[in-house]
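Structure first, commentary second.
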Amino acid sequence: EAQVTQNPRYLITVTGKKLTVTCSQNMNHEYMSWYRQDPGLGLRQIYYSMNVEVTDKGDVPEGYKVSRKEKRNFPLILESPSPNQTSLYFCASSLIGRGHTEAFFGQGTRLTVV
Amino acid sequence: AQKVTQAQTEISVVEKEDVTLDCVYETRDTTYYLFWYKQPPSGELVFLIRRNSFDEQNEISGRYSWNFQKSTSSFNFTITASQVVDSAVYFCAQGTSGTYKYIFGTGTRLKVLA
């Protein structure tokens, strides 16, 4: 089954404690990205990657890191989480060879930083 | 600059009414892609439609229809004879071939009342 898998689904952590949210897709998609969803702000792109070892900043990259060492995985790293990073996070993947195609989303990770 | 505006924050209709969700986009690219996604109360993001900038043909899929007008930079979504199951947040999104960013609007919450 084609899918994007995020883990964990829920996470409560304390300020400053490094964490990683994993994202994996099984569709051989080149394009992967991370979004955060906040009330009234919609989905905002944090980082995106067009292929292995190619990543770029989205609109809200501050406080986040990503890596793309393998095509299927695109982890989101919060080196020193702060309460303003409390949010719902989505990972997505899509093809991009002939322009942007529909994005497949993970189930979301609800992160609370206290 | 790349931007997607969904001016309607929330719309309430009575079942069987028609409803139109507005989407206005901005981009300097000549090649771009427009999308609609649905986020039901369960939280997942579901792809509805993709349009590229060279195809202004309107589309109908069952009770759903989309009106793409480059002259007004709009990509509006109409639900005919709405049903309670249509209650969700709907997002309009844009991907461009310039920056390769994928930008979402802030979403419109649709409530269909029985």
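The values are calculated or read from the model by the stated rules, or taken from the named source; none is laboratory data. All values reported here derive from a predicted model rather than from experimental measurement. Glycine gets a Cβ as well: all are built from the backbone with ideal geometry, and neighbour counts include every protein chain shown. The area values use the complete protein model at the heavy-atom level, side chains included, leaving out ligands, DNA and RNA. Shrake-Rupley method; radii C 1.70, N 1.55, O 1.52, S 1.80 Å.
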Q | Answer from A:V52, A:V66 - the residue that is farther than 22 Å from B:G43 by Cβ, out of contact with any Phe, Trp or Tyr (no Cβ under 8 Å at 6 or more places or on another chain) and of a type in the set (A, V, I, L, M) | A | A:V52
Q | Top-ranked residue of region B:2-14 - restricted to ones that are loosely packed, with under 14 Cβ neighbours inside 10 Å and at pLDDT 95 or above, ranked as farthest from A:R44 (Cα to Cα) | A | B:V14
Q: Collect the residues in region A:99-114 that are assigned to a strand (DSSP E or B) and either surrounded by fewer than 20 Cβ atoms within 10 Å (Cβ to Cβ) or not hydroxyl-bearing (S, T, Y) (or both), keeping them in residue-number order.
A: A:G99, A:F104, A:F105, A:R110, A:L111, A:T112, A:V113
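Conditions tested, residue by residue: (1) within 22 Å of A:V4 (Cβ to Cβ); (2) without any contact (Cβ under 8 Å) to a residue 40 or more places away in the chain; (3) surrounded by 13 or more Cβ atoms within 10 Å (Cβ to Cβ).
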residue	(1), (2), (3)
B:Y33	yes, no, yes
B:W66	no, yes, yes
B:S71	no, yes, no
B:S74	no, no, yes
Q. How many of the residues making up region A:48-66 are open to solvent by 30 Å² or more (accessible area, probe 1.4 Å) and either farther than 23 Å from A:T86 by Cβ or within 11 Å of another protein chain (Cβ to nearest Cβ) (or both)?
A. 9
Q) Across region B:87-102, what is the total count of residues that are facing chain A (nearest Cβ under 7 Å) and either crowded, with 19+ Cβ neighbours inside 10 Å or aromatic (F, W, Y) (or both)? A) 4
Q: For region A:69-98, name all the residues that are within 14 Å of chain B (Cβ to nearest Cβ), crowded, with 17+ Cβ neighbours inside 10 Å and assigned to a strand (DSSP E or B).
A: A:S87, A:Y89, A:F90, A:C91, A:A92, A:S93, A:S94
(Q) Can you tell me which of (1) within 22 Å of B:I103 (Cα to Cα); (2) without any contact (Cβ under 8 Å) to a residue 60 or more places away in the chain is the one A:Q107 doesn't meet? (A) (2)
Q: Identify, from the list B:R51, B:R109, B:R28, the residue that is open to solvent by 60 Å² or more (accessible area, probe 1.4 Å) and closer than 28 Å to A:E30 by Cα.
A: B:R28
